[in-house]
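Below is one structure; the comments refer to it alone.
The values are calculated or read from the model by the stated rules, or taken from the named source; none is laboratory data. Remember, predicted model here, so these are calculated numbers, not experimental data. Glycine also receives a Cβ, built like all others from the backbone with ideal geometry; neighbour counts cover every protein chain displayed.
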Amino acid sequence: MTERRLSMLTLRRIMATLTTAVIVSAALADLGQVQPLSADPPSSHSGPNVTVTNTSSNPVPVTLQGTGSISGNVAITNSPNVAVVNPTASPVPTQDIDNPDRQPFQALLSVDFVDGAFRADSSPVAIPAGQRLVLDQASSLGQLPVGQKLVLVLLVGTSSTRGGFWFLTPVPRGTSVFGGLFTPGPLDLSAANDSLKGYVDGPGTVGLQVVRDANSGTGATFVTLVGHLVHLP
């Protein structure tokens, strides 16, 4: 074999080796860009995914994060303090149950004298159970035949726990030729306006008893009683 033929064979072998090296390098580069297949997407949490199937009677305890809404009834335990923050334009309605202006009491008591009677008694006014009548003031008007006068005007409070007697002080006002309330004259009139301080506990009553100094003819006495009711402690 000549020297020229040996050179040509050597060159062909070198070219074949270079071609094989290029093909192998390209294949390895393509393999480096291929991602492995996975059945599940990547997760930031380690471990397997878990599905909870508790029943509604045995729920999984959870803690609310942020804000949310609640439906149904809510039970409050341990009697916590509550702060009311209504604005002045929308105040919370309140009522003072012991304020006399909230529960005023006023009653008209009256008696009629029949011919031949020295004394007359009114029908009683009831005081509700669980309440106390506080007596503040009484105004009276007596009208009798000319020449007679009242000798006793008495408020009578009856109760199983607290009652009493309160005397009014009528003062003669003179003779009215026109008469008085519901009765033509002439009549002798007397009047009183007494401040009181007394109590009658319910259930109870308050009434009026009046006595005159003569028993002839007819007459009458009227008393307006003013006070207030408070709840018994």
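Observations
- For region 116-156, a residue qualifies if it is within 31 Å of the chain's Cα centre (by Cα), buried (at least 20 other Cβ atoms within 10 Å of the Cβ) and aliphatic (A, V, I, L, M), and the qualifying residues are Ile127, Leu133, Leu135.
- Condition met for Ser190 (out of contact with any His (no Cβ under 7 Å at 6 or more places or on another chain), small (Gly, Ala, Ser), farther than 25 Å from Leu229 by Cα and crowded, with 18+ Cβ neighbours inside 10 Å): yes
- Cβ-Cβ under 8 Å pairs, at least 6 apart or on other chains, region 73-89 side without any contact (Cβ under 8 Å) to a residue 24 or more places away in the chain, far side assigned to a loop (DSSP other than H, G, I, E, B) and exposed (fewer than 10 other Cβ atoms within 10 Å of the Cβ): Val84/Val92; Asn86/Val92
- Residue list for region 162-185, filter: more than 50 Å from the chain's Cα centre (by Cα), surrounded by 12 or more Cβ atoms within 10 Å (Cβ to Cβ) and not in a strand (DSSP E or B): Gly179, Gly185
- Meets criteria (under 19 Å from Val114 (Cβ atoms), charged (D, E, K, R) and either modelled with pLDDT under 95 or surrounded by fewer than 17 Cβ atoms within 10 Å (Cβ to Cβ) (or both)) for Lys197: no
- Meets criteria (in contact (Cβ under 8 Å) with a residue 12 or more places away in the chain and assigned to a strand (DSSP E or B)) for Val146: no
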